[in-house]
Amino acid sequence: MEPLIQFRSVSMQFATRGSITTALADIDASFSMGSTTAIVGANASGKSTMLRIAAGVLAPSAGRVESSAVHSALKRAFVPQRGSCAADFSVEELVSLGTSTRCAEQARVECALDAVGLASRRAVRYHSLSGGEQQRVRVARAIAQLASPNGSVLLLDEPFSSLDPAEVARLVRALRVFAQEGGSVILSLHDAGLAREVAHDAIALRMGRVIAHGRAHEVLSPAILSEVYAHEMLEASTTARWLRPTL
Amino acid sequence: MFGCEGSHDASASTDAHVEIRIASLSPAMTSTLIDLGFESELVGRSPWCADLSKSLPVVGDFRDFDPERLLLARPTHMVLQPPLSGINPALVTFAEKQGIELIAMPLDRMQDVRAFVARAALLATDPSRAHARLTALDAMSEVDSSAPRVIVLVNADPMLVAGSANYLADLLPLVALRNAVEREGWVECSHESLGLLEPDLLLGIAEREDNVALLQRTLAAIPCKAAREGRILVVIASELLRPSTRALDAMQALKPAIEAALASGKDAAP
Amino acid sequence: MKFRFALLIAIALLLALARLSVGPHADAHGVIHFGFALPTVTTIPFRLSAVLGAAVIGLLLALAGLALQALLRNPLASPFTLGVSSGASFGVACVLALAATTGLSTHAFGGEFTGALFGAAFSLMLVWILAKRASGRDAVALALAGVVLGGVMSSGAMLLEQIVPRGLRGDLLAWMAGRIPELPDPSALVALWILGLLALIVLWKAAHLLDLLMLDDDEATAAGVRLAATRGGLFIIGGLLAAAAVSFAGPIGFVGLVAPHTARLFIGHRHRLLVPSTALCGVIVVLSADLLRQGLDVGTGRLPVGVITALAGGPFFLWLLSRSRRGGSEWNL
């Protein structure tokens, strides 16, 4: 399959309070067109950084990213983890942000609202929605931004965090619709089980390095996963449990 | 226009035969104009012209002006003290367009008041009152270097005293006093700094009755011999707080009180 | 929405007409009253320049407020609450004080506008740094920082007031009350209108970018917003408009806060309509304040327009503050 985005020796370092943190170290990876790829890893393994570099919103400190989509807002859209909104838009307004009043673009907004199942809630204020509905609105906005699913990529940072199971199922359905229409999806995930559910391909990260890369069912094998989360397990065993209630 | 400005020669009066309507943007100038007999010619006032009827329209102050009310008041002359940052250029243009003569004069010293009286004399149908005032102003004697020294307090909080090169200081020879403060203009100072001057008399000038007690207390707290010996005089004389010709009379009227204050202090001394 | 927008235009026009048709008039005895008085050939230029002056101040301050709110993603931002107006005042006070102490004209120091511009830019820079530190999350904290900064700047101006000769003090004070100048220099008026309309067009053209700025940075970047350039532009527009308004009329408070929020109440949050509506609301607010002050005579002549906008805008700001403190969305008006 034709590569959509290709990482070539990509490194990323952040300077925080005088010290330098390496988020990604010398990464080579590729995301294929038309598939759904999950980036899995423990906390602070570099998932979000990798996703943001893939989305083109962050420039790597070293290495190259080759992509056919990254340079156009019509070809790639990004959904942040628990995104904030500084204005009180209605659902429809938020989904149509950045689009013009042209018919074609309005049709895209309609399709996106349908895809996430919020067409009937279009007039509701964004801030009065539940967390899961807000997340679906953000996904719809990202879909509406794209010219068409075919040949485009949707990047989502931890889309399922803090969603209840019913909401997760609705969002997964929306992403499947997008993928069926030829769209590529890249998402960062904490939960390996969910990754197996939604993704064709997977990249496993541990402390800023790729430790496995390939078909989802291969990468997300128990052996690799225990290595992926080893760091976190180790940390959990040495930290009081009440400090890490999510584990 | 062939009259020469600044002269107070009666025959030079040129504006006198036309109707004179004056808008005053300065309370001090209003005071002088009323003193010179122009009360019925005043058609516009500033918010602070307390001597005038409230029914006269407020047409502006030293910075702002109200063009429409000015138009209705139809002044032929407008008098104002120009602010240090200069006269509002819009006012100058407006006056020019409407044919209003703008008389802008600073009033820092009594000589400025004299210049204003001389200018006003040109507008009067009967300039005799103005001429009498000019004579009185010219007759003022020089500062006597042996006269008792006085501190003139006009505001208690912040403490504001008349310095040298100030119309109030210029008026002091009328009551045989000289200013103890040597800095120019209006001076803000503390009790201590005033105490160091060791004046012979402490004079407070109040605008209204309710300011008297505070001025009295403030002056009494100045650490100097005059305060300890009670050579303190507080008077209510709003005319003295504005550089106008009325300040002349007001100052002269203080003479007996001042002499008494100076003397009583001496008697009280142990 | 279109109906509501048309309504705003109608209100603005009505107010302008009202300002044109009221004024002082003399009765048979020559006593001056205030009330309905159709303009005459002589009075129309005064009233027209008053309307144009008030309207342009409203336009500038409202758009400055909107630009700053978008820049900082903060509903409590405005030239006045962020201390930008005070900074501009301080700049003007510096120029006035320099001119007074050196005896030169204010033009020797680039005029009052240059002082206002430097002061506004300085304040805005400080606020910007504070906003970055606070990562822009806590709207109230930033507004508080702005209020403190405004206080410091005002104290600076007061310090200058102590330094300048006594005669100039009242001048500075009068300036700080916020006044729309009577019969302003026509060229200044034209320049302000050009600036205001240009800013209106630029912000309106950039409405979709302003919309996307309301989202997260990464999301906006991925949607094609060049964040640095857009925010830089908003910074310049906000500072320039506030400085222009302040150098013309002094620090007239709260217009930059009241106008955008009133427009949001009326029109919603999409900037395509919000930008022109905010401009209209700014015009409406200052025109009403100017109209009110014409008739409101407490025996001391007309009140400065800044006093009226502050009296009306202060409670509005407190109301906003209490809403955002209650934890709900500050934007949800």
* To do: Please report how far the C-alpha centroid of region C:14-36 lies from that of region C:213-262, rounded to the nearest whole angstrom.
  => 38
* Asked: How many partner chain Cβ atoms sit within 10 Å of a residue's Cβ in peptide C:260-270, on average, as a whole number?
  -> 2
* Could you check how much of the accessible area of region B:149-268 is carbon and sulfur, as a whole percent, using a 1.4 Å probe? => 50
* Taking only protein heavy atoms and a 1.4 Å probe, what accessible area per residue, in Å², does region C:34-323 have with all protein chains in place? -> 36
* Structure fact -> Honestly the protein assembly as shown on the Cα gyration tensor test (a ≥ b ≥ c root eigenvalues; a/c under 1.5 rounded, otherwise a/b vs b/c for prolate or oblate) is just prolate
* Structure fact -> Residues whose modelled amide H sits under 5 Å from the amide H of A:Ser152, counting only those 5 or more places away in sequence or on another chain, are A:Ser184
* Asked: For peptide B:52-64, how many partner chain Cβ atoms fall within 10 Å of a residue's Cβ, on average?
  -> 4
* To do: State, in square angstrom and to the nearest 100, the accessible area buried between chains A and C, both chains counted, probe radius 1.4 Å.
  => 2000
* Which value in nm describes the separation of the simple spin-label points at C:Met1 and B:Ala147, placed 7 Å from the Cα toward the beta carbon? -> 7.9
* Excluding the sites themselves, what is the longest stretch of chain B that contains no trypsin sites (Lys or Arg not before Pro) in a DSSP loop with at most 11 other C-beta atoms within 10 Å? -> B:55-207
* **Listed residue pairs exceeding 28 Å between alpha carbons, taken from A:Lys47/A:Lys75; A:Lys47/C:Lys132; B:Lys225/B:Lys255; A:Lys75/C:Lys132** => A:Lys75/C:Lys132
* Asked: Chains C and B: how much accessible area gets covered up at their contact, both sides added, probe 1.4 Å, in Å² to the nearest hundred?
  -> 2400
* To do: Averaging sequence separations of C-alpha pairs under 8 Å and six or more residues apart, then dividing by the length of region B:10-138, give the relative contact order as a whole percent.
  => 28
* Structure fact -> Computed over chain B: longest principal axis from alpha-carbon atoms vs helix B:110-121 long axis, angle to nearest 10 degrees, is 30
* Asked: Using a probe of 1.4 angstrom, how much of the accessible area of chain C is carbon and sulfur, in percent?
  -> 73
* Summarise the partner chain shielding of B:68-80 as one whole number: the mean count of Cβ atoms from other chains within 10 Å of each residue's Cβ. => 4
* To do: Could you pull out the trypsin sites (Lys or Arg not before Pro) across region A:51-118 that fall in loop regions by DSSP (anything but H, G, I, E, B) with no more than 15 other Cβ atoms inside 10 Å?
  => A:Arg82, A:Arg102
* Asked: Does anyone have the angle between helix A:131-145 and the longest principal axis of chain A? Alpha-carbon axes, 0 to 90°, nearest 10?
  -> 70
* Structure fact -> Taking a ≥ b ≥ c as the square roots of the eigenvalues of the Cα gyration tensor, with a/c under 1.5 meaning rounded and otherwise prolate when a/b exceeds b/c and oblate if not, region C:227-292 is oblate
* To do: Could you sort C:81-87, C:180-186, B:200-206 so that the peptide with the highest average Cβ count within 10 Å comes first and the rest follow in order?
  => C:81-87, B:200-206, C:180-186
* Asked: Exactly which GluC sites (Glu not before Pro) in region B:107-200 are in a DSSP loop and have at most 11 other Cβ atoms within 10 Å?
  -> B:Glu142, B:Glu182
* Please give the helix B:128-138 orientation as an angle from the longest Cα principal axis of chain B, in degrees from 0 to 90, rounded to the nearest 10. => 40
* Asked: Which helices, counted as full DSSP H runs in chain C, have an axial Cα extent of no less than 20 Å and a Kyte-Doolittle average of 1.6 or above?
  -> C:2-21, C:44-72, C:139-163, C:186-205, C:227-249
* Structure fact -> Under the rule rounded for a/c under 1.5, else prolate if a/b exceeds b/c, else oblate, using alpha carbon gyration tensor axes a ≥ b ≥ c, region B:149-268 is classed as rounded
* **Residues of type lysines that C:Lys2 reaches as a straight line, Cα spacing below 27 Å, ignoring anything fewer than 8 places off in the same chain** => C:Lys205
* Structure fact -> Expected vector for region C:180-185, Karplus 3J(HN,Hα) from phi with 6.51, -1.76, 1.60 and θ = phi - 60°, integer Hz, x for Gly and Pro, equals 8, x, 6, 6, x, 4
* Hey, how many Å between the Cα centroid of region B:211-227 and the Cα centroid of region A:64-121? -> 76
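The values are calculated or read from the model by the stated rules, or taken from the named source; none is laboratory data. For clarity, every value in this text was computed on a predicted model and none was experimentally measured. Reconstructed Cβ throughout: ideal geometry from the backbone, glycine too, with neighbour counts over all protein chains shown. Keep in mind that these areas ignore ligands, DNA and RNA; they rest on the heavy atoms of the full protein, side chains included. Shrake-Rupley method; radii C 1.70, N 1.55, O 1.52, S 1.80 Å.
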